[in-house]
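The values are calculated or read from the model by the stated rules, or taken from the named source; none is laboratory data. Keep in mind that what you see is a predicted model, and the values were worked out from it rather than measured. In this analysis, Cβ positions are derived from the backbone assuming ideal geometry, glycine residues included, and neighbour counts consider all displayed protein chains. In case anyone asks, the SASA skips ligands and DNA or RNA and just uses the protein heavy atoms, side chains included. Shrake-Rupley method; radii C 1.70, N 1.55, O 1.52, S 1.80 Å.
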Amino acid sequence: MLKNILVVGANSAIAKSVSRLYAEEHCRLYLLARNEEELALQKQDLLIRGASEVDYSVFDVNNFSLHDAIVDQVLDSLGSIDLAILCHGSLPDQALCAENFDAALKEFNTNALSVISLLTSLANHMSIQRCGCIAVITSVAGDRGRQSNYIYGAAKGMVSLYLQGLRGRLHPSGIHVVDIRPGFVDTPMTHTFKKGALWASPEQVAECIVNGIRKKKHTIYAPWFWRVIMMIVCSVPEVIFKRLKF
Amino acid sequence: MSSEPTSLHSWGRYPVTDAVVHVPRSAQDIQYLLQHTDASATGFSGIARGFGRSYGDSALASHIVHTRLLDHFLEFGADTGVLTCAAGVSLDTILHHFTPRGWFLPVVPGTRYVSVGGAIASDVHGKNHHIDGTFGQHLQSLRLLLASGEVVNCSAVENSILFHATCGGMGLTGVILDASIVLRRIPGSAVMQRTLRTQNLQEVIEKFEANVATTYSVAWLDCLANGSALGRSLLFLGEHAADGHYQAPRSGGISVPFSTPSFLLNRYSIGAFNALYHKRPINSEREQRIEAGNYFFPLDSIAHWNRLYGKRGFLQYQFVVPDESAHAAISRVLSTSSAAGKGSFLSVLKKFGPGNDNLLSFPIQGYTLAMDFKWEKSLLPMLDELDRIVLDHGGRLYLAKDARMSEDVFRRSYPRWEEFAQLRTQLGADKAFNSLQSRRLGF
Ligand SMILES: Cc1cc2nc3c(=O)[nH]c(=O)nc-3n(C[C@H](O)[C@H](O)[C@H](O)COP(=O)(O)OP(=O)(O)OC[C@H]3O[C@@H](n4cnc5c(N)ncnc54)[C@H](O)[C@@H]3O)c2cc1C
Ligand SMILES: NC(=O)c1ccc[n+]([C@@H]2O[C@H](COP(=O)([O-])OP(=O)(O)OC[C@H]3O[C@@H](n4cnc5c(N)ncnc54)[C@H](OP(=O)(O)O)[C@@H]3O)[C@@H](O)[C@H]2O)c1
């Protein structure tokens, strides 16, 4: 059973729901996120829900130079990490990124390079433990580049590919690597979107995540039907796909 | 934090309105919203909303402060049972975490998918009202965010007028941020239920009176029976099982995926269902052990059951009348609706204990009946007629269910409305906090 859990981007709606499920299993949690007030609120909430211990630090994932130090700090506190789950992310302004490389770079930093940097440090520490799980929230958007959202898609896709390789590398050390690909989730990130039948709540997605991790899935589509949708999306011939505006 | 207007309705799916939904993550976000609404130069005007389980238009406005993200537990005293939590926490979440630890909410409505804020704002009642009163009567305190942005502590002793205006105040005094609820120790979460079959209204009232010492009581009434069977009911009496087993109400069950054609609910199908239900075999001597979820929230096992009433939705008509006129008033209501050919699939009768000090709280000592009617044009004149009967007998309607009562009916039946309106003006709440309902009722 999982005991010690590190949650990066802990204030994300999906992360919050995931932490709550683990709190009910009396896990020990270490939260990293930007907003201290929300972290303090979460700590109290998770303890009441059953977490055996909760610690947190304020952390901006784009401070790459601090990554090693923060991982050390987490390990000092937790001792060992049974699960590290990375949940932070941002939804780019695609039109802006198409014109302005600085904006695009920032998005690649937040959504991809920060993950790779953190995992470099985490993977090295965890492979010494010889057990544990690394899980990252990517997105179905990473399955195929679409003109309306390809900066985000490319960043998430980069992480998915990275995870595939990392999975192989860490397999001999007994570390399991999970790629979580949510579809549409009703969270602050998508607050301005019109919601329809395909939308899931963060609580639903969190359940998919926790179940998938327990079952040692490699790739979790959350909810499951996105696997089918993305299979269809990926099978559309490029000659047609390039004309699609979505 | 905000977005384009989307169309929004509450549980009765009537009325539907366009609203900009704001989803604050903190009190500061709400303060910012109150100060910087671009909607118009006159400043923010809108209403708080929890789970939208009110039936009518009390949680509808052009701007909505949705409490979905204000959903943290803040403090729990394991020895006192006092739980402090943010207003967006659902009763379901509270029961999920605390029932297994031997605690229960002192008052629960017929669905557990309501927010703490909504339960306070409607000062909700449960099957134990005759003994335990309303939800608001079990609060140690609450924190309210006023139109000015100021956050104040309120309780029965501190800012007590504001407290009594806010419990039952339908969101019209400000946004409830969090509250301290005194949970109750129970000997077991399941309920031992006895079911009594009664042949008419007189008999069910007598049985309610004979069983006032029983903690939970509620009757299901066959609204289409008439003549000597008018008001025949099944009365459900319950006490927590003292067996030390604790299980949180479970979710799951089935879901109604889309609106069904509302013609499926007509006086024949409703009549047949009601007659069968009334005649089902029961053994009134034997106690049945029923899990808390099935006892308190039978409808929660059918997600989106409101869709059964079709696209145009339905209205719930819930009124209360004092003890002395209960029989006369309820008989007239039943015969009037039955003569109009309007059946209610579910009609629920409940005895209330004394009212409380909250300005707009619904319960008064007497009997309350709730009936669901599918929306149709011809319904409105009939409900106006029911209003007259209810008023004639000294009763009133429940604001949490209302979508159509007139200003006049409201003022005549809620005598403290003026005090409430004055307080709103003093607080500037009349400008900032308005719902479709409050405008209709003349606030
Ligand atoms: C199946 C079913 C059974 C029910 N059974 C019962 C019952 O047995 N007894 C009973 O009393 N009621 C019952 N109700 C009604 C329900 O309990 C109330 O309507 C309750 O207020 C709904 O809570 P909500 O969170 O959905 O609030 P909403 O419907 O979202 O809002 C209701 C009111 O509360 C206000 N409000 C919500 N949150 C806040 C806040 N944070 N600050 C200030 N104001 C706020 C809103 O402005 C609005 O006026 C039932 C409803 C359903 C659907
Ligand atoms: N919502 C969807 O439809 C959807 C679909 C597919 C994938 N996802 C992915 O799911 C994950 C969780 O997102 P969500 O939907 O739960 O949205 P969310 O609530 O907006 O969460 C995103 C989180 O990322 C954090 N973050 C952004 N930049 C950061 C930085 N530089 N340093 C630290 N934290 C940073 C944000 O922190 P602050 O709280 O401080 O702003 C926020 O908590 C993300 O990876 C997202 O890409 C979401």
Worksheet item: Okay, which of segment B:255-292 sit inside 17 Å, backbone N to the point 7 Å along the Cα-Cβ direction of A:Glu24?
Response: B:292
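For B:Tyr55, B:Tyr246, B:Tyr277, give the ranking by accessible area with the largest first, probe 1.4 Å. If you can, show how the numbers build up before the last one.
Values: B:Tyr55 30, B:Tyr246 80, B:Tyr277 60 Å².
Ranked from most to least accessible, the order is B:Tyr246, B:Tyr277, B:Tyr55.
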Practice prompt. Would you mind checking the pairs A:Lys16/A:Lys106; A:Lys16/B:Lys401; B:Lys351/B:Lys401; A:Lys217/A:Lys242 and listing those with alpha carbons more than 28 angstrom apart?
Written response: A:Lys16/B:Lys401; A:Lys217/A:Lys242
Worksheet item: Which part of segment A:194-232 falls in the paramagnetic zone of B:Phe258, meaning amide N under 13 Å from the point 7 Å along Cα-to-beta-carbon?
Response: A:197
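Report the FRET efficiency, 1/(1 + (r/R0)^6), for A:Leu105 and A:Phe193, where r is their Cβ-Cβ distance and R0 is 35 Å, rounded to 0.05.
Working: r = 25 Å, r/R0 = 0.71.
Calculated value: 0.90.
Order B:Arg184, B:Arg25, most accessible first, counting only protein heavy atoms with a 1.4 angstrom probe. Let's see the in-between values first.
Numbers: B:Arg184 70, B:Arg25 90 Å².
Reading off the accessible areas and sorting them downward yields B:Arg25, B:Arg184.
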Discussion item. Give me the net charge for the shell around B:Leu276: Cβ to Cβ below 14 angstrom, other residues only, Lys and Arg +1, Asp and Glu -1.
Written reply: +3
Discussion item. Using square roots of five times the C-alpha gyration tensor eigenvalues, list the equivalent-ellipsoid semi-axes of chain B in whole Å, biggest first.
Written reply: 33, 26, 21
Worksheet entry | Under 5 Å, built H, 5+ apart or other chain: amide partners of A:Val185 | A:Ala200
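Between A:Val228 and A:Ile116, what is the FRET efficiency for a Förster distance of 30 Å, r being their Cβ-Cβ separation, to the nearest 0.05? Mind dumping the intermediate values first?
On the way: r = 29 Å, r/R0 = 0.98.
Computed FRET efficiency for A:Val228 and A:Ile116: 0.55.
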Practice prompt. Please find, in a Gaussian network model of chain B (springs between Cα atoms separated by less than 10 Å), the residue of B:Pro187, B:Pro15, B:Pro415 whose mean-square fluctuation is greatest.
Written response: B:Pro415
Item to complete: Give me the distance in nm between label points sitting 7 Å out from Cα along the Cα-to-Cβ direction at B:Thr42 and A:Arg214, one decimal.
Response: 5.3 nm
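Given R₀ = 41 Å, what would the calculated FRET efficiency be for B:Asp323 paired with A:Ser57, taking r from the Cβ atoms and rounding to 0.05?
On the way: r = 61 Å, r/R0 = 1.49.
So the FRET efficiency works out to roughly 0.10.
Using the reciprocal of the averaged 1/r over all distinct C-alpha pairs, how large is the Kirkwood radius of segment A:4-241 in Å? Intermediate results must be reported in sequence, preceding the final value.
Values: mean 1/r = 0.0552 Å⁻¹.
Value: 18.1 Å, from the Cα pair sum.
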Discussion item. What figure, in Å² to the nearest 10, do you get for the accessible area of B:Thr425 with a 1.4 Å probe and non-protein molecules left out?
Written reply: 80 Å²
Fill in: Solvent-accessible surface (1.4 angstrom probe) belonging to B:Ser269, in square angstrom, nearest 10
40 Å²
Worksheet item: Can you pull the percent of the protein assembly as shown's accessible area that's carbon plus sulfur, 1.4 Å probe, other chains left in place?
Response: 54 percent
Worksheet item: If you roll a 1.4 Å probe over the heavy atoms of the protein chains, what accessible area per residue do you get for the protein assembly as shown, in Å²?
Response: 41 Å²
Worksheet, complete the sentence: Counting only protein heavy atoms and leaving out ligands, DNA and RNA, the solvent-accessible surface of B:Ile205 at a 1.4 Å probe, in Å² to the nearest 10, equals 20 Å²
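Full extension from B:Ala213 to B:Arg286: what is 0.36 nm times the residue separation minus their Cα-Cα distance, to one decimal in nm?
24.4 nm
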Worksheet, complete the sentence: With no solvent term and unit scatterers on the alpha-carbon positions of the protein assembly as shown, Debye gives log₁₀ I(q)/I(0) at q = 0.08 Å⁻¹ of -0.68
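So between B:Val182 and B:Thr425, what do we pick up on full extension, going 0.36 nm a residue minus the alpha carbon distance? Don't jump to the answer; show the numbers that get you there.
Details: separation 243, 0.36 × 243 = 87.48 nm, distance 3.15 nm.
Here the segment from B:Val182 to B:Thr425 would lengthen by 84.3 nm.
Add +1 for every Lys or Arg and -1 for every Asp or Glu among the other residues with Cβ under 15 Å from the Cβ of A:Arg167, and state the total.
On the way: positive: A:Arg169, A:Arg181, A:Lys216, A:Lys217; negative: A:Asp179.
Net charge around A:Arg167: +3.
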Practice prompt. Please arrange B:Arg404, B:Arg440, B:Arg101 by accessible surface area, largest first, computed with a 1.4 Å probe and ligands excluded.
Written response: B:Arg101, B:Arg440, B:Arg404
Worksheet entry | In the A-B interface, the accessible area buried, summed over both sides, Å² (probe 1.4 Å) | 1700 Å²
Worksheet item: Where does the charge balance sit around A:Gly145 when Lys and Arg score +1, Asp and Glu -1, over other residues with C-beta under 11 Å from its C-beta?
Response: +2
Worksheet item: Relative to the longest principal axis of chain A, what angle (0 to 90°, nearest 10) does the C-alpha long axis of helix A:67-78 take?
Response: 40 degrees
Worksheet entry | Student exercise, the protein assembly as shown dipole from Lys, Arg, Asp, Glu Cβ charges, in Debye to nearest 20 | 2320 debye
Item to complete: Output the residues of segment A:34-49 meeting this criterion: accessible area (heavy atoms, 1.4 Å probe) in the chain alone minus accessible area with all protein chains in place is 20 Å² or greater.
Response: A:Glu37, A:Glu38, A:Leu41, A:Gln44, A:Asp45, A:Ile48, A:Arg49
